[in-house]
1. Between Ser153 and Ser308, what is the label-point separation in nm under the 7 Å Cα-to-beta-carbon projection?
2. Obtain the nm distance between the two label points defined at Ser367 and Asp502 by a simple spin-label model: each point lies 7 Å from its Cα along the Cα-to-C-beta direction.
3. Give the average over all directions of the projected area of the C-alpha convex hull of the chain, one decimal, in nm².
4. Could you list the residues of region 527-551 with an amide nitrogen less than 18 Å from a label point located 7 Å from the Cα of Thr560 in the Cα-to-C-beta direction?
5. Greater than 19 Å separation of Cα atoms is the criterion. Which listed pairs, Lys108/Lys518; Lys435/Lys505; Lys300/Lys444; Lys283/Lys341; Lys168/Lys316, meet it?
6. Full-extension gain between Phe379 and Asp251, please, as 0.36 nm times their residue separation minus the C-alpha to C-alpha distance.
7. I need the calculated FRET efficiency for the pair Thr490 and Glu167, taking r as the beta carbon distance and R₀ as 51 Å, to the nearest 0.05.
8. Calculate, in nm to one decimal, what Ala116 and Asn348 gain on full extension: separation in residues at 0.36 nm each, minus their alpha carbon distance.
Amino acid sequence: MKKIKVLFVITLLNSYSIFWSQVNKTTYHSPLSIPLKLSASFGDLRPNHFHMGVDFSTGGKVGLSLFSIEQGYVSRIKITPLGYGRVIYVDHPNGVTSVYAHCSGFEKSIQKIILAYQEKNQLNEVDITFTSGEIPVTKGQLIAYSGNSGNSSGPHLHFELRDTKSEKALHPLVHGFDISDIHAPIPSKIYLYPIDQNGYYLNQKKISIAVVKSGENYSIKTGKIVLTSDFMEGTDRVLIGVEGTDKIGVDLSVCGLFENELIAGENSIFHSRIDTVSFDHNKLINDYCDYAEYKRNKKKIHKLIHKSSNHLDIYKSAPLQTIRLKGNDSIPVVIKLTDAKQNTSTLNFEMVFRKELGTIDSNSKPSALFLLPDSSYYFEEAGNAIRFKPHALFEPVLKTLLITKDKIQLGTAITPIYYGASVSMRPIESTPIDKQYIYLLGEKEQKEALKTQVIDGKLEAEITSLGTFKVSADLTAPTILPHNFSASDTSIAKSAIQWKVDDLKTSISNYNLFIDGKWKVIEYDKKNKLISCVFEPLENGLMNFQLILKDVCGNEAVWTKNIRVN
Ligand SMILES: [Zn+2]
């Protein structure tokens with residue numbers, strides 16, 4: 001009897017959520033009180049991740065009211081110095097979670113709950129989850145204020161929709177948010193890469209060709225691409241990459257490409273649509289785009305191939321279908337670019353291979369000169385080691401490995417790694433090991449400190465790209481300087497006190513303020529290197545401030561002073 005009851009409830013819930021998702025399309029409340037204007041769309045290619053939401057302009061202002069788009073309850077609040085900064089999540093009965101990031105603050109009663117939690121636990125950075133009864137909200141209820149907190153390069157609202165259960169990010173413009181758009185995507189360039197039967201790009205040769213407008217459609221100037229055996233270098237398969245933009249809305253905000261299809265001859269061989277992305281798969285973007293071109297030239301090239309190892313939900317076609325050149329044939333190629341509002345542009349050209357220019361091989365394989373993505377590797381020399389788990393590499397990598405007693409060098413920082421690669425390095429002698437860290441030498445010789453652990457007397461770090469790895473020591477404490485007052489001030493008449501903070505070699509990992517010995521909440525704005533303490537309206541008088549900062553190597557800085565707050 002009990003079982004039947006449960007089943008009945010589940011059926012009701014299911015039909016309710018199906019009903020809801022059908023009717024909700026245009027019934028969400030706007031998160032802002034000003035007309036919605038996009039400044040970036042969902043799926044835009046970013047370093048190491050897709051843009052998982054849409055950016056709504058707040059007209060360059062902070063402090064605009066943010067409203068819950070539907071009834072539900074606040075399910076999570078997080079405060080971090082980078083990333084989303086101050087962010088609030090609301091779960092709705094239709095199985096969707098809405099996310100409002102880079103906030104300047106939360107609604108008064110919510111702010112009170114967070115502050116109490118911070119004070120009780122003496123934590124400036126929090127990640128709190130709530131159950132359904134704790135903070136219920138109605139549709140259109142004020143929940144937070146827009147801002148520029150975290151890793152945001154100007155005031156705006158970063159807004160997301162997620163499937164509550166799977167936590168996958170959903171494209172707001174195809175899941176209930178309607179922004180009028182009559183302009184089709186505009187391709188600007190195509191790129192050709194010879195690849196092998198696994199979709200691997202071995203010879204590092206590349207051709208780029210500008211796209212030209214041709215009547216209603218697009219083409220290339222010559223209308224035809226002639227490929228030579230010299231370019232193809234032993235393979236008969238070619239990968240096409242496409243670069244372009246899409247102008248959305250009445251303001252023609254420049255956004256990225258959304259849906260790409262590749263048709264060769266009669267057959268549709270590739271189809272992608274960036275409508276849903278799982279956070280777990282986000283880093284696969286480094287394989288979806290041309291990572292090297294992104295790193296070096298900020299180019300956003302969408303590669304029209306679905307590799308078997310790439311599990312992104314954006315692929316809508318079977319893996320490893322590629323254009324194959326048989327020799328002396330001319331293949332008509334069509335690239336169809338479609339936006340979220342079904343505006344489509346087509347790019348047409350012919351692809352020709354001249355057989356007399358050499359032979360091609362349909363079974364070309366990477367030689368023994370390469371490290372392969374599906375294998376695991378471990379190399380050790382002079383106490384330093386590098387390790388790869390299977391599929392840590394996206395592409396075969398030339399074995400140009402050099403390990404000496406003070407460095408590990410393999411390729412350059414423009415070759416991305418998925419997960420499961422690490423380096424283990426010998427510490428520098430006569431320096432405390434807990435003050436040491438591994439760093440990556442970037443393409444422009446810049447040093448990027450890696451998150452380093454001490455394991456069995458060795459330094460270890462996960463790596464996210466190839467490059468040159470070395471060990472350094474951080475023996476210097478962070479710096480603390482007055483920001484909105486001067487060092488000689490004995491009183492301030494302000495609503496907040498701010499310090500400019502920095503750490504020369506690594507980064508600040510711990511920050512605490514004590515006023516008259518009592519812990520007080522502060523905010524660390526990492527991008528601006530600012531720490532702020534906001535006073536309560538009645539908080540005034542002579543106060544003893546003690547700000548204590550620690551970097552990741554445990555070096556501590558203490559700033560202390562008596563100041564009268566007026
Ligand atoms: Zn954003």
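Every number in this text was worked out from the coordinates using simple rules, so none of it is lab data. All values reported here derive from a predicted model rather than from experimental measurement. Reconstructed Cβ throughout: ideal geometry from the backbone, glycine too, with neighbour counts over all protein chains shown.
1. Computed distance between label sites Ser308 and Ser153 equals 3.9 nm.
2. For Ser367 paired with Asp502, the spin-label model returns 4.9 nm.
3. Working: hull surface 129.7 nm².
Computed as one quarter of the Cα hull surface, the answer is 32.4 nm².
4. It comes to 542-550, nothing else.
5. Working: Lys108/Lys518 23 Å; Lys435/Lys505 11 Å; Lys300/Lys444 21 Å; Lys283/Lys341 27 Å; Lys168/Lys316 17 Å.
Pairs exceeding the cut-off: Lys108/Lys518; Lys300/Lys444; Lys283/Lys341.
6. On the way: separation 128, 0.36 × 128 = 46.08 nm, distance 5.40 nm.
Gain in length upon complete extension: 40.7 nm.
7. Rounded to the nearest 0.05, the efficiency is 0.50.
8. On the way: separation 232, 0.36 × 232 = 83.52 nm, distance 6.13 nm.
In short, 77.4 nm is gained.
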